[in-house]
Amino acid sequence: MRLLLQQSWQTLLAHRLKSVLAITAISWGVISVVILMALGEGFYRAQTESFRFLLQETQMVASGQTSEVWQGMPARRPIQLTESLMREVAQRPEIQRYSIVYENREVSITQQRGTAIGSMVSGVDRGYFSLAGLKLTLGSRDFSLHDQHNHRRVAILGDHVAATSQLKIGDEFKIRGIAFRVIGIMDDESSRFSFGDNQKVFIPSSTFKDIWDTQPNMMLVLPAQGVSSWALREQLRHTFAQRLHFSPEDQEAVFLPDFGSGVAVITAILRGIQAFLAASGMMTMAVGILGVANMMFLAVTERTREIGVRLAIGATPQRIQQQFLLEGLLLVVIGALAGLLLAYFGVLLLNHLGLPTWLGEPVITSTTVCLSMLVTSILALAAAYFPARRAAQLEPVIALSSRS
């Protein structure tokens, strides 16, 4: 085997140009597969992060209106969820955590010099951002119990508000002429799928109720361990129906959206995009492997007389086939390793240069490496086998009479 390997290596060195072209074609194919799959993985992770709220079990609860006549009361009757009722329902064992949210969308929000910077204010507690899957930038802090108990005039800005107003942590601005200090700014990546939170100003709910006398806009609840989102929605609907006198089967009386129902579809779409990118890279690889097969067939044609001499002096067809097969495999191994190394540096370069936020950062995973190597191996075996078989099937007399 060692002698066969040496002969194959010497043959490749004797045909340097063809060997280099074959290795280049294979390397380019591997680079295409690895980089495109890395881009697909980065895109998948970035978009999954955007839809993180959908992937959580957090349930949104908001007021609605009845769609059915119930116990003598008409349809289209507004149902208002009060803070006291929300807090009472939130004590049920099916609920692990909750956050009550207040909102006013017609507010004068200005910088100190009077420039308008927004119109939406939300009053939240310290559990809102974690339940909503939102993150804050470095140096920010969430509302504390001290902020709530002391009705402090502090605020967290949506990333869009912070960007347009140029406000930073520690700066002051005004809500209805009342000065507030910025203690946090939302991270722009975590707010791509939210309730328009990137355009809001958040203040402690206790401070919000000092300024406006209004009912909550919605509530976020996290089911207890072992409680499914579907079971939680059914329990909440039945509880509210009993307290507010509407049909437990009325789906519109209380707004309980099932965000999770679209997760499977979204995930399938994102994985489909990944598969498309991988398939595109594999087509490029297949073209490269086809080039290797053509070169191997050409080598068999050019070396017909050499093959005839070897057969005449005692080389078996199996030995001839093994040598050509090994030559092809050597080309593929060298090309695949070179392509993998170049793809790694290519991904590093892309991450260094920076890609659009929505595209994410390319990531080479073990799955990417294994899949690219598996596909390369299968295609390489096919590319090397048929030329090797053709070489082994040559008749010595015919091969010796060849003028190639």
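Worth pointing out:
- Every residue from the stretch 84-96 that is surrounded by 12 or more Cβ atoms within 10 Å (Cβ to Cβ) and either not assigned by TED's automatic domain parsing to the domain that holds Leu232 or not small (Gly, Ala, Ser) (or both): Leu85, Met86, Arg87, Glu88, Val89, Arg92, Glu94, Ile95, Gln96
- Checking His245 against (1) out of contact with any Gly (no Cβ under 6 Å at 6 or more places or on another chain); (2) under 30 Å from Gly29 (Cβ atoms), the condition it does not meet: (2)
- Taken over the stretch 233-253, the criterion of being in contact (Cβ under 8 Å) with a residue 40 or more places away in the chain and part of a helix (DSSP H, G or I) is satisfied by Arg233, Gln235, Leu236, Thr239, Phe240, Arg243, Leu244.
- Test: residue in the stretch 211-232 that is β-branched (Val, Ile, Thr) and assigned to a loop (DSSP other than H, G, I, E, B): yes
- Val107 crowded, with 22+ Cβ neighbours inside 10 Å and either closer than 28 Å to Val201 by Cα or not assigned by TED's automatic domain parsing to the domain that holds Leu374 (or both): no
- Test: residue in the stretch 136-155 that is closer than 25 Å to Leu85 by Cβ and under 25 Å from the mean Cα position of the chain (by Cα): no
- Applying the criterion of being of a type in the set (Gly, Ala, Ser) and at pLDDT 90 or above to the residues of the stretch 172-223, the residue that is surrounded by the most Cβ atoms within 10 Å (Cβ to Cβ) is Ser205.
- Which numbered condition Leu81 fails, given (1) surrounded by 15 or more Cβ atoms within 10 Å (Cβ to Cβ); (2) part of a strand (DSSP E or B): (2)
- Condition broken by Gly184, with the remaining ones in (1) more than 27 Å from the chain's Cα centre (by Cα); (2) assigned to a strand (DSSP E or B) satisfied: (1)
- Every residue from the stretch 366-390 that is within 34 Å of the chain's Cα centre (by Cα) and either outside the structural domain of Leu331 (by TED's automatic domain parsing) or among the small types (Gly, Ala, Ser) (or both): Ser366, Ser372, Ser377, Ala380
- Members of the stretch 132-149 found to be among the hydrophobic types (A, V, I, L, M, F, W, C) and at pLDDT 95 or above, listed by number: Phe143
- Among the residues of the stretch 135-166, the ones that are buried (at least 21 other Cβ atoms within 10 Å of the Cβ) and assigned to a loop (DSSP other than H, G, I, E, B) come to 2 in all.
- Condition met for Ser247 (assigned by TED's automatic domain parsing to the domain that holds Gln80, closer than 25 Å to His160 by Cβ and surrounded by 15 or more Cβ atoms within 10 Å (Cβ to Cβ)): no
- The one condition from (1) modelled with pLDDT under 90; (2) surrounded by 15 or more Cβ atoms within 10 Å (Cβ to Cβ) that Phe129 does not meet is (1).
- Residue in the stretch 16-59 that is modelled with the lowest pLDDT, counting only those that are hydroxyl-bearing (Ser, Thr, Tyr) and closer than 30 Å to Arg233 by Cα: Ser50
The values are calculated or read from the model by the stated rules, or taken from the named source; none is laboratory data. Given the structure is predicted, the values throughout are model-derived calculations rather than measurements. When we count neighbours, we look across all protein chains shown, and the Cβ atoms used for this are built from the backbone with ideal geometry, even at glycine.
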